[in-house]
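The values are calculated or read from the model by the stated rules, or taken from the named source; none is laboratory data. Source: prediction; values computed, not measured. Here the Cβ is made from the backbone with ideal geometry for all residues, glycine too, and neighbour counts use every protein chain on show. In case anyone asks, the SASA skips ligands and DNA or RNA and just uses the protein heavy atoms, side chains included. Shrake-Rupley method; radii C 1.70, N 1.55, O 1.52, S 1.80 Å.
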Amino acid sequence: MNISIIIPCYNEEEVLHLTLERLLALSVDLVSNKDSDELEFVMVDDGSQDRTAEFLTEASKTDKRIKVVRFSRNFGHQAALLAGYEFATGDVIVSLDADLQDPPELIKTMLEKIKEGNDVVYAARQSRENDSWFKHKTAVFFYWLMKKLGADIIPNHADFRMVTRRALNAFLQFHENNLFIRATFPIVGFPSFVVYYDRPDRAAGKTKYPFWKMFEFAVDGMTSFSVVPLRICSMVGLLVSLLALLMLSWSLIVKIFGGAIPGWTSTVAPLYLLGGVQLLFLGIIGEYIGKIYTEVKHRPRYIVQETLNFVEEDVTD
Ligand code: UDP
Ligand code: MG
């Protein structure tokens, strides 16, 4: 069985040497235990501006199993993961973050679950103790909301997962531009299993997901995988129209029976309320139109500038 380990890297110069050290140690273990025949490391450099590219080039010279895909610019974590999946050649493919927050040693446990007949093994965090209060609360809210919106998402699972070739091939038939890979694999189906682990802090360097990027990612995830927000708009629209009809009949009755006193509150309150609701809903509808717009343009999801150590012709600068 050949294993591909795919790692998206964006400005990870501080941590990559540690990550590769841990992975190479693990690979010795995997091969000597006959867990794996061959390994490859697909390192995707997502347009890093630091010395990540140089580091990976050097590493690829010393070990031919270290393969590099370099993007022409930063395309984002999900695009980098996708490239890893597309370039991987193994029978079993595992994705993990570059910062050692996904402990490579868990790969052995995941592999056992694959051998037991699962096609997708999700690694999910046991607890969120080392998250800030804010990140913890927002994450809990996000997973709760996603479930309510009908997206089948594994709580506390990010992108640390192992998949078989057949699950990956099925996944690669999804051609959407708005990528939210963690919610796509549950749609792919096949037998799956969730393993739990304690997620340590980043080994070195800083997060590449500041608050706004995280927020954007969460909204993208919701609107890519659920049309429930649109349905809520129509339901509230219907309800408000019914109320308006009642108001209309009430005002007509008052008019007919001669008790009409010009009401300020009853005019102004619905005006503000409805104005707000309409703007909000226009915004939600706009989100979806934006999604359709990016999908129909059908742009490439990433652009490769260079590849190293792939058997077929490598793309070089
Ligand atoms: N990453 C990437 N492109 C980006 C942002 C992040 O490839 O535009 C990679 C990053 O190098 C890391 C993984 O995605 O391997 C997760 O990022 P990070 O650890 O910063 O996120 P956090 O764990 O803080 O949510
Ligand atoms: Mg991280």
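In this structure the amide hydrogen of Phe160, modeled in the peptide plane, comes within under 5 Å of the amide hydrogens of Ala123, none closer than 5 places in sequence on its chain. Remark: the range 146-274 carries 62 Å² of accessible area per residue (probe radius 1.4 Å; ligands, DNA and RNA excluded). Taking Lys and Arg as +1 and Asp and Glu as -1, the other residues whose beta-carbon sits under 15 Å from that of Arg231 total 0.
Antiparallel DSSP bridges in the range 114-213: what percent, to the nearest 5? The answer is about 40 percent antiparallel. Nonpolar atom fraction for the chain, defined as the carbon and sulfur part of the 1.4 Å probe accessible area, stands at 63 percent. For the range 124-210, trypsin sites (Lys or Arg not before Pro) meeting the loop criterion (DSSP other than H, G, I, E, B) and having at most 14 other Cβ atoms within 10 Å: Lys206. Plainly put, the chain has a radius of gyration that is 1.13 times its Kirkwood radius, both from alpha-carbon atoms, as the Rg/Rh ratio. Helices assigned as whole DSSP H runs in the chain whose Cα atoms extend at least 20 Å along their own long axis and whose mean Kyte-Doolittle hydropathy is 1.6 or higher are found at 228-256.
How much net charge surrounds Val219 when only the other residues with a Cβ under 13 Å from the Cβ of Val219 are counted, with Lys and Arg +1 and Asp and Glu -1? Its environment carries a net charge of -1.
Legend: calculated FRET efficiency, Ser72 to Ala204, from the Cβ-Cβ distance at R0 = 25 Å, rounded to 0.05, equals 0.40.
Heavy atoms of the protein chains alone define the surface here; on that basis the range 1-96 has 38 Å² accessible area per residue at 1.4 Å probe size.
Charged neighbours of Ala151, selected by a Cβ distance under 13 Å, balance to +1 (K, R count +1; D, E count -1).
Summing Cβ point charges (Lys, Arg +1; Asp, Glu -1) relative to the Cα centre of the chain gives a dipole of roughly 1640 debye. Using helices alone, I'd like the mean residue ellipticity at 222 nm for the chain: each DSSP H run of four-plus residues gives -39500 (n - 2.57), total over residue count, nearest 500. That comes out to -16500 deg cm²/dmol.
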